[in-house]
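Novice: If you scroll down you'll find the structure; I have some questions about it.
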Amino acid sequence: MRPLYEPREGRKMRVLVLFSGGASALPFMVGGEGYEVIGGISSSKSAPGISRFKSLGIPVEVVDIREFYGDRPLRDMKVREEYERRLLSVMEERGWEPDVVACSGYMYLLTPVFLSRFPNRVLNVHPADLSIVEGGRRKYTGLGAVRAQLEAGEKETRSTVHVMIEEADQGPILVISPPLPVEGRSPEEQQELMKVRCDGPAYREALRLLSEGRFALDERGRVYVRTDGEWKEGYVRMEG
């Protein structure tokens, strides 16, 4: 078992954010006692989150993925690897040396080119409770997760902060957010409200605990949380 991050005296955990849209979790990430957001990279030159970074005085760069691909299909993962090398070079050029990379609405799968640079330290937030399993698989994964939950008759939705691996939405779970009752909203309305009521609070808690050295993984990818000085297998489930 190995901590995902080990705190260093006199130094805050450094967080870099990847985003494609509004980076809605960013306001919840700033102001942490044990961590700081050192910069952000947008995969879209028109992402609303760019102005959010600027308004908070946080450095932000743009590496537009569609311009990078040109007329090549976005599904081409060899090009994706080239794109990720560009992301890494931008980080090096800026002198950013993050301890953790936090994806906030970053819409593209990451390959081992990027993930291997930050082993078990790339996080993502997904708008569903990934602990719900059906047929041995996580039930609510993918882009249509909120709609799938509402169509299945779920009475509440939660968001999950997890460690990213190559397979989308399948990484180890760190924190599950407080619940948000459905209350007759459309999937779009529910997901928009989840950004503030679920995604943001879960990310803030995950970064706080991570910065305190309270998460660990064993060789099988099982998560442990240190509480009252003892390591216990499991994840953090927040309540409202």
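The values are calculated or read from the model by the stated rules, or taken from the named source; none is laboratory data. Note that this is a predicted model, so its numbers are computed, not measured. Cβ sites come from the backbone with ideal geometry, for glycine too, and all protein chains shown count toward neighbours.
Novice: Within region 41-88, track down each residue that is polar (S, T, N, Q) and closer than 18 Å to P27 by Cα.
Specialist: Here is the first cut: in region 41-88, the ones polar (S, T, N, Q) are 42-44, 46, 51, 55.
Passing the criteria: S42, S51, S55.
Novice: Among the candidates R14, R85, which residue alone is in contact with an Asp or Glu (Cβ under 8 Å, 6 or more places away or on another chain) and charged (D, E, K, R)?
Specialist: Values: R85 fails: in contact with an Asp or Glu (Cβ under 8 Å, 6 or more places away or on another chain).
The conditions single out R14.
Novice: Turning to a different aspect of this structure: If you scan region 4-41, which residues turn out to be over 18 Å from the mean Cα position of the chain (by Cα) and not in a loop (DSSP other than H, G, I, E, B)?
Specialist: Listed by number, the residues that qualify are R8, R11.
Novice: Could you list all residues from region 1-58 that are in contact (Cβ under 8 Å) with a residue 12 or more places away in the chain and polar (S, T, N, Q)?
Specialist: Keep residues of region 1-58 that are in contact (Cβ under 8 Å) with a residue 12 or more places away in the chain, which gives 1-7, 12-30, 32-45, 47-50, 52-53, 56, 58.
Passing the criteria: S20, S24, S42, S43, S44.
Novice: For region 77-99, which positions are in contact with a Phe, Trp or Tyr (Cβ under 9 Å, 6 or more places away or on another chain), assigned to a loop (DSSP other than H, G, I, E, B) and either modelled with pLDDT under 95 or not acidic (D, E) (or both)? Explain how you work it out, then say what you get.
Specialist: Within region 77-99, the subset in contact with a Phe, Trp or Tyr (Cβ under 9 Å, 6 or more places away or on another chain) is 79-88, 90, 98-99.
Those left that are additionally assigned to a loop (DSSP other than H, G, I, E, B): 98-99.
Once the filter is applied, which keeps residues that are in contact with a Phe, Trp or Tyr (Cβ under 9 Å, 6 or more places away or on another chain), assigned to a loop (DSSP other than H, G, I, E, B) and either modelled with pLDDT under 95 or not acidic (D, E) (or both), region 77-99 yields only P98.
Novice: Let me ask you something else. Considering only region 60-74, state which residues are over 18 Å from G105 (Cα atoms) and either touching a Ser or Thr at 6+ places or on another chain (Cβ under 7 Å) or not in a helix (DSSP H, G or I) (or both).
Specialist: From region 60-74, those over 18 Å from G105 (Cα atoms) are 67-73; that's our starting set.
Of everything in region 60-74, those that are over 18 Å from G105 (Cα atoms) and either touching a Ser or Thr at 6+ places or on another chain (Cβ under 7 Å) or not in a helix (DSSP H, G or I) (or both) turn out to be G70, D71, R72, P73.
Novice: Just checking, does region 74-82 include any residue being free of Cβ contacts under 8 Å to residues at least 60 places away in the same chain, under 21 Å from L210 (Cα atoms) and acidic (D, E)?
Specialist: Initially, region 74-82 is screened for residues free of Cβ contacts under 8 Å to residues at least 60 places away in the same chain, giving 74-82.
Pick out the ones that are also under 21 Å from L210 (Cα atoms) and you get none.
No - not one qualifying residue is present in region 74-82.
Novice: Can you name every one of the strands (runs of 3 or more DSSP E) wholly within region 180-239 that holds 1 or more residues which are in contact with a strand residue (DSSP E or B) (Cβ under 7 Å, 6 or more places away or on another chain) and buried (at least 17 other Cβ atoms within 10 Å of the Cβ)?
Specialist: Values: elements: 215-217, 223-227, 230-233.
Correct list: 215-217, 223-227.
Novice: Being surrounded by fewer than 14 Cβ atoms within 10 Å (Cβ to Cβ) and part of a loop (DSSP other than H, G, I, E, B): is that true of L130 here?
Specialist: Details: surrounded by fewer than 14 Cβ atoms within 10 Å (Cβ to Cβ): no; part of a loop (DSSP other than H, G, I, E, B): yes.
No: the conditions fail for L130.
Novice: Still on this structure, please answer the following. State the number of residues belonging to region 147-163 that are within 23 Å of E192 (Cβ to Cβ) and touching a Leu at 6+ places or on another chain (Cβ under 8 Å).
Specialist: 6
Novice: What pairs come out if I take residues in region 91-110 that are under 11 Å from L18 (Cα atoms) and pair them with residues that are aromatic (F, W, Y) and at pLDDT 95 or above whose C-beta lies under 6 Å away, six or more apart or interchain?
Specialist: If the second residue must be aromatic (F, W, Y) and at pLDDT 95 or above, the pairs left are V101/F118; S104/F19; G105/F19; Y106/F19.
Novice: Checking A152 against (1) under 23 Å from R185 (Cβ atoms); (2) in contact (Cβ under 8 Å) with a residue 24 or more places away in the chain; (3) not basic (K, R), only one condition comes out false. Which one?
Specialist: (2)
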